[in-house]
Amino acid sequence: MKSTVEVEVNVPQATLAALFADPRLCKEWMDDLDRYEPISGAPGMPGSTYRLVPKTGRMVFVVTVQTRNLPNDVRLSLDASNVTVAVTATFSAVESTRSRLRSEEVFTFKGALNKLGGFFAQQVIRNAHRRHIHAFKRYAEQRG
C-alpha cells in the first residue's frame, strides 16, 4: 500500500529539510508519539537507528535512516513486528521563503493476517499520514 501527501510550507527549503530530518524533533509535532529513543549512530545521519514509541498501542517502530541528501531528500525505513514502511521525503523550493514537502510512504505488511488488516485499514493509515504531515507543516512554520 502506498500513501503520498504533498504540502507547501512557508519556510525555506533548507530549513524545512533540516527540521524534518532531525528525529529528535518528532515528538514536538507527532501528537501520538510518546518518545524518541536513539539506538545507534548520530541522530538523523545515514545508518543511524532509533525507536519511535507511541503514546498508546504497541506498534513500536525501529527507524533506520537510509539516505540523507539535504536539502533535497531523506529516506527512512521503519520496521515494526507486523509492517515495514519505506518513507521518502523530498523537499523543493517554490520561492526563497516557501517550499514543497512530498512525503511518500510504502507499507509492506508481514503475514497474511496483517496484509488483510492493512487492506481494511488503508483509509485510517492515509488519514494518519496526512495528519502527521499537516502537523509537521504547522510546526515548521512556527519554528521557521
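The values are calculated or read from the model by the stated rules, or taken from the named source; none is laboratory data. What you are looking at is a predicted structure, and each value in this text was computed from that prediction instead of being measured. Cβ atoms come from the backbone with ideal geometry, glycine included; neighbour counts cover every protein chain shown.
Quick grid of which residues meet (1) surrounded by 14 or more Cβ atoms within 10 Å (Cβ to Cβ); (2) in contact with a Pro (Cβ under 9 Å, 6 or more places away or on another chain); (3) over 22 Å from GLU28 (Cα atoms); (4) not hydroxyl-bearing (Ser, Thr, Tyr):
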residue	(1), (2), (3), (4)
LYS55	no, no, no, yes
VAL65	yes, yes, no, yes
VAL85	yes, no, no, yes
ALA93	yes, yes, yes, yes
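When the residues of the range 58-83 are narrowed to those that are among the polar types (S, T, N, Q) and at pLDDT 95 or above, which ends up nearest to ASN127 (Cα to Cα)? Going through the qualifying residues, I end up with SER77. Considering only residues in the range 115-144 that are touching a residue at least 60 places away in the same chain (Cβ under 8 Å) and aromatic (Phe, Trp, Tyr), the one that is nearest to GLU104 (Cα to Cα) turns out to be PHE136.
The set of residues in the range 99-127 being surrounded by 15 or more Cβ atoms within 10 Å (Cβ to Cβ) and closer than 30 Å to GLY144 by Cα consists of SER99, ARG100, LEU101, ARG102, SER103, GLU104, GLU105, ILE125, ARG126. Could you list all residues from the range 20-74 that are of a type in the set (Gly, Ala, Ser) and part of a strand (DSSP E or B)? The one that is of a type in the set (Gly, Ala, Ser) and part of a strand (DSSP E or B): SER40. It is to be established whether one or more residues within the range 37-47 are over 30 Å from PRO12 (Cα atoms), surrounded by 13 or more Cβ atoms within 10 Å (Cβ to Cβ), in contact (Cβ under 8 Å) with a residue 12 or more places away in the chain and acidic (Asp, Glu). Scanning the range 37-47 turns up no residue that is over 30 Å from PRO12 (Cα atoms), surrounded by 13 or more Cβ atoms within 10 Å (Cβ to Cβ), in contact (Cβ under 8 Å) with a residue 12 or more places away in the chain and acidic (Asp, Glu). So which residues in the range 75-110 are in contact (Cβ under 8 Å) with a residue 60 or more places away in the chain and part of a loop (DSSP other than H, G, I, E, B)? Result: SER96, THR97. Against the condition touching a strand residue (DSSP E or B) at 6+ places or on another chain (Cβ under 9 Å), surrounded by fewer than 13 Cβ atoms within 10 Å (Cβ to Cβ) and among the hydrophobic types (A, V, I, L, M, F, W, C), how does MET59 come out, does it pass? When the stated conditions are applied, MET59 does not pass them. Looking at VAL94, VAL124, VAL106, just one residue is farther than 23 Å from SER81 by Cα and not aromatic (Phe, Trp, Tyr), and that residue is VAL94. Scanning the range 1-12 for any residue that is at pLDDT below 95 and surrounded by 15 or more Cβ atoms within 10 Å (Cβ to Cβ) turns up at least one such residue. Screening the candidates GLY41, GLY118 for the property of being at pLDDT below 95, of a type outside the set (Ser, Thr, Tyr) and more than 14 Å from the chain's Cα centre (by Cα) yields one hit, GLY118.
Looking only at the range 1-19, residues that are touching a Ser or Thr at 6+ places or on another chain (Cβ under 6 Å) and either within 30 Å of PHE119 (Cβ to Cβ) or assigned to a helix (DSSP H, G or I) (or both) come to 3 in all.
Of the residues making up the range 9-59, those that are aromatic (Phe, Trp, Tyr) and within 17 Å of GLU141 (Cβ to Cβ) are PHE20, TRP29.
Only one of the numbered conditions (1) closer than 21 Å to ALA140 by Cβ; (2) within 11 Å of the chain's Cα centre (by Cα) is violated by SER77, and that is (1).
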